[in-house]
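Novice: My questions all concern the structure below.
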Amino acid sequence: MRIALATLSPSDGHWLTRAALLVALVGLGLFPCGGAATPWGEVRLPSAGATRVIGSVSNGCIAGAQMLPETGTGFVSIRRYRNRYYGHPTLIQFIAEIGRTQQRHRGMLILVGDLSQPRGGLMSSSHRSHQNGLDVDLWFTLAASPVEARQLMDNQPDPPSMVSPDGLSVSQHWGADQRFLIETVAHHPLVDRLFVNAAIKREICQSTHGDRGWLRKVRPWKGHDAHFHVRLVCPADSPQCDAQTPLPPGDGCGSELDWWLTPEARQPIRKKPSPSGPEPVISSACQAVLHDAPTPLESTDSQHLRTDVKRSILD
C-alpha cells in the first residue's frame, strides 16, 4: 500500500487562501469534473479476473469490480442509468451492512448514489474522485420504497439541502435520521473518512456528548449538503492502492472547523481554464485494466444490464 501526497487543509494547521483551497479540492478528488468525455465512461462492464484497487481516488481504477444490486435490505441504488454502481467487494459489503442497520433502526431506505464506473477511472461529469472503487455517495433523504426513491431521484433535481440558505446552520430537513446515518457510517471500521458540509459538521460537533472519537472521520468540505461522500480504507488485497494522508488528531471541531464557516471559505470557487494543466497520466496498470477483456457477465448477463440501464432511464 502506498501513501499519496499530503494535501493542504485547515485541519493540518494551515489557513487556506482561495487558491490553495482550489489546489486542495483537486488533490482530494472533490472538485467536480468538467464534463469532457473519457474512455472510462465508454466501458460498460468490469474487467475479468481478481479484484484489485489501483492508484488513488482521483487518479486510479479498479480491476474485477463487483456490481451493487439495484436494491437490498435497507438501501436502493438510484440513477443507475449513469452506470456508476461498481466497486470493491468491501464497498459492496459496507453498503449492505449500513442498509441492514438502517432497516433495523427506521425501516426506511438509504438512497445510494454514485460508486465507480465498471473499471473506475475518470468520469465525464460530477466527480474527480470515485475512480478506484472505494467511494460512494449516500443521500441524506430517505425513501419508503424503491418506487418512491426512483420517483424522487431519477432524472430529477437533487433532494432538499440539509443546510440553511446562509450556509451557517442546518435546515429544517435535518433531523435524527440524518444524524444516525452519519454516526453509523463513521463508526464503521472500513470507513477512512467521510465528507459533509461544514454546517453539518458543526451541528454534529455541538450535539455530540460522550464518545467523540468518531467525529475525527467526519471532514468538512464545500457542498455535500444534500448527500455525503464516504471513502473506505485501502483493502488488504490491493497493494497498488494509494492511501490518503492519515487524518490529523482530534475531533476536528475547533478552529479548523471555524475557518470553513467564514465568508472566504463559503464563497463559491470557479475553476479557471488552465491550458498548462494536463489531466493526470493514466498508469500502465490502469491502461491494462481499461483494455482488458470483459468479465464473463458479458456473455451471461449483458442483455440484463442493458435492460436495467434502459429501465432506469425510463423510470
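Novice: Could you compute how much accessible surface PHE75 exposes when probed at 1.4 Å, giving the result in Å² to the nearest 10?
Specialist: It works out to around 10 Å².
Novice: May I ask you to compute the full-extension gain from GLU42 to ARG100, defined as 0.36 nm times their residue separation minus their alpha-carbon distance, rounded to one decimal in nm?
Specialist: Taking GLU42 through ARG100 to full extension adds about 17.6 nm, to one decimal.
Novice: On to the next question. Multiplying the sequence separation of SER124 and SER255 by 0.36 nm and subtracting their Cα-Cα distance, what value in nm do you get? Please list the in-between numbers first.
Specialist: Values: separation 131, 0.36 × 131 = 47.16 nm, distance 3.59 nm.
Contour length minus Cα-Cα distance gives 43.6 nm.
Novice: Mind checking the full-extension length gain between ALA50 and THR208? Use 0.36 nm per residue of separation minus the Cα-Cα distance, one decimal, nm.
Specialist: Values: separation 158, 0.36 × 158 = 56.88 nm, distance 4.16 nm.
Value of the extension gain: 52.7 nm.
Novice: Using 7 Å Cα-to-Cβ label points, what is the ASP292/HIS173 separation (nm, one decimal)?
Specialist: Once both label points are built, they end up 3.8 nm from each other.
Novice: Please compute the alpha carbon radius of gyration of region 30-128, then divide it by the globular-protein estimate 2.2 N^0.38 Å. Two decimals is fine.
Specialist: With N residues counted in region 30-128, Rg over 2.2 N^0.38 Å equals 1.11.
Novice: Once you list every other residue whose beta carbon is under 14 Å from the beta carbon of THR51, what net charge do they have if Lys and Arg are +1 and Asp and Glu are -1? It would help to have the intermediate numbers written out before the result.
Specialist: Values: positive: ARG52, ARG119; negative: ASP237, ASP292.
Here the charged neighbours net out to 0.
The values are calculated or read from the model by the stated rules, or taken from the named source; none is laboratory data. Keep in mind it's a predicted model, so treat the numbers as computed, not measured. Neighbour counts run over all protein chains shown; Cβ positions are idealised from the backbone, glycine included. The area values use the complete protein model at the heavy-atom level, side chains included, leaving out ligands, DNA and RNA. Shrake-Rupley method; radii C 1.70, N 1.55, O 1.52, S 1.80 Å.
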